[in-house]
1. Going through the stretch 41-100 one residue at a time, which ones are in a loop (DSSP other than H, G, I, E, B), in contact with a strand residue (DSSP E or B) (Cβ under 7 Å, 6 or more places away or on another chain), touching a residue at least 24 places away in the same chain (Cβ under 8 Å) and crowded, with 18+ Cβ neighbours inside 10 Å?
2. Quick test for you: out of Asn185, Asn231, pick the one residue that is free of Cβ contacts under 8 Å to residues at least 40 places away in the same chain, at negative phi and touching a Gly at 6+ places or on another chain (Cβ under 7 Å).
3. Out of the stretch 115-154, which residues are without any contact (Cβ under 8 Å) to a residue 24 or more places away in the chain and among the hydroxyl-bearing types (Ser, Thr, Tyr)?
4. Do we have any residue at all in the stretch 115-131 that's of a type outside the set (A, V, I, L, M) and under 13 Å from Trp151 (Cβ atoms)?
5. Given the options Ser86, Ser33, Ser50, Ser59, name the one that is polar (S, T, N, Q) and under 20 Å from the mean Cα position of the chain (by Cα).
6. Out of the residues in the stretch 1-27 that are among the aromatic types (Phe, Trp, Tyr) and either in contact (Cβ under 8 Å) with a residue 40 or more places away in the chain or in contact with a Phe, Trp or Tyr (Cβ under 7 Å, 6 or more places away or on another chain) (or both), which is surrounded by the most Cβ atoms within 10 Å (Cβ to Cβ)?
7. Give Phe13, Phe8, Phe70, Phe17 a once-over and let me know the one that is modelled with pLDDT of 95 or more and under 30 Å from Ile268 (Cα atoms).
8. Just wondering, is there one or more residues in the stretch 256-273 that are among the polar types (S, T, N, Q), at pLDDT below 95 and not in a helix (DSSP H, G or I)?
Amino acid sequence: MNVLRDLFRDYRFFFSFIVLMLVLILAFMSIFSPYDPTLWNVVPRDMKPSAEYWFGTDSNGQDIFWQATFAVRNSLIISTIAALVSRVIAILVGMVAGYTGGTTDRVLMFISDSLLVIPLFLIMVMLAMLVRQYMNLVVLGLLLSFFGWAWDARLIRSTILSLREREFTRTAVLSGTGTVRLVLNEYIPFTMPLIFSTLINNISWAIGLEITLAFLGLVNLNIPTLGTMLNWAITYQAMFLGRWWWILTPVFLSLFLFIALYWLSVSISEYLDPRTRIQRVGA
């Protein structure tokens with residue numbers, strides 16, 4: 001309870017918590033949808049927001065509110081898969097490279113550096129085109145995860161390199177502490193702020209990249225996501241034809257989600273940072 005109390009004192013955490021709770025509620029409401037999200041012409045077309053259709057309807061004859069519930073849910077599923085899998089890869093690569101050093105470190109960092117310097121977006125486009133017929137939420141999440149770990153692995157490696165030279169590491173090794181126990185008990189706690197912040201940032205990155213791929217039509221457009229909603233609205237020139245409610249719904253949902261995730265990352269990272277914790281105690 002003390003943790004939550006301290007976190008809620010930060011206006012950034014409070015704002016992001018409220019926004020993310022509303023987003024999660026919106027995603028949860030998808031299970032109550034009276035419509036199949038893949039079906040067209042289930043409601044009148046191009047209706048403005050009203051008491052009956054809260055977010056209006058689109059030119060495909062779909063209720064935008066219920067489409068938004070599925071879109072938010074699916075975008076969160078994709079980004080969470082991408083973030084969790086890439087965190088596992090980043091932690092393993094960063095820990096192994098930083099602790100072992102030598103040839104292993106050089107090989108792993110060569111792979112990491114290669115992923116950082118090559119034009120990932122072009123490769124993502126090529127891979128998305130190759131697996132487009134097999135594209136679903138899990139496949140897209142795994143595809144994004146493969147490109148989301150390299151920079152974070154370097155950050156974790158840098159932290160481990162510093163910890164490896166600390167006196168407590170030498171003491172633990174001389175006392176017979178195993179590598180796994182040393183990593184779990186000593187190294188992981190030091191890297192938790194970094195892991196949490198990169199996890200949240202990676203969720204935001206994955207959502208943004210999914211929107212980009214969907215905008216280019218490189219995903220299954222029949223699966224509602226924030227990106228596919230935006231694609232359909234632009235395809236039908238919603239803004240130019242005065243159907244502002246169609247395009248503004250995914251735009252505003254995405255913006256609020258990005259801002260909330262960023263502030264959540266910053267607030268949690270600062271709270272978990274031992275230096276800021278000492279400052280809070282001193283104050």
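1. The answer is none; no residue qualifies.
2. From the options Asn185, Asn231, the qualifying one is Asn231.
3. Tyr134
4. Quick first cut of the stretch 115-131, residues of a type outside the set (A, V, I, L, M) only: 119, 121.
Keeping just the survivors that are under 13 Å from Trp151 (Cβ atoms) gives none.
Checking the stretch 115-131: not a single residue is of a type outside the set (A, V, I, L, M) and under 13 Å from Trp151 (Cβ atoms).
5. Ser86
6. Taking the stretch 1-27 and keeping what is among the aromatic types (Phe, Trp, Tyr), we get 8, 11, 13-15, 17.
Checking which are either in contact (Cβ under 8 Å) with a residue 40 or more places away in the chain or in contact with a Phe, Trp or Tyr (Cβ under 7 Å, 6 or more places away or on another chain) (or both) leaves us with 8, 13-15, 17.
Values: Phe8: 12, Phe13: 21, Phe14: 14, Phe15: 16, Phe17: 18.
Looking at the filtered set, the residue picked out is Phe13.
7. Values: Phe13 fails: modelled with pLDDT of 95 or more; Phe8 fails: modelled with pLDDT of 95 or more; Phe17 fails: modelled with pLDDT of 95 or more.
None of the other options fit; the residue is Phe70.
8. Pass one, the stretch 256-273, residues among the polar types (S, T, N, Q): 265, 267, 269.
Then drop every residue that is not at pLDDT below 95, which leaves 265, 267, 269.
Among the residues that remain, those that are also not in a helix (DSSP H, G or I) are: none.
Among the residues of the stretch 256-273, not one is among the polar types (S, T, N, Q), at pLDDT below 95 and not in a helix (DSSP H, G or I), which makes the answer no.
The values are calculated or read from the model by the stated rules, or taken from the named source; none is laboratory data. All values reported here derive from a predicted model rather than from experimental measurement. Note that we place each Cβ from the backbone using ideal geometry, even for glycine, and neighbour counts take in every protein chain shown.
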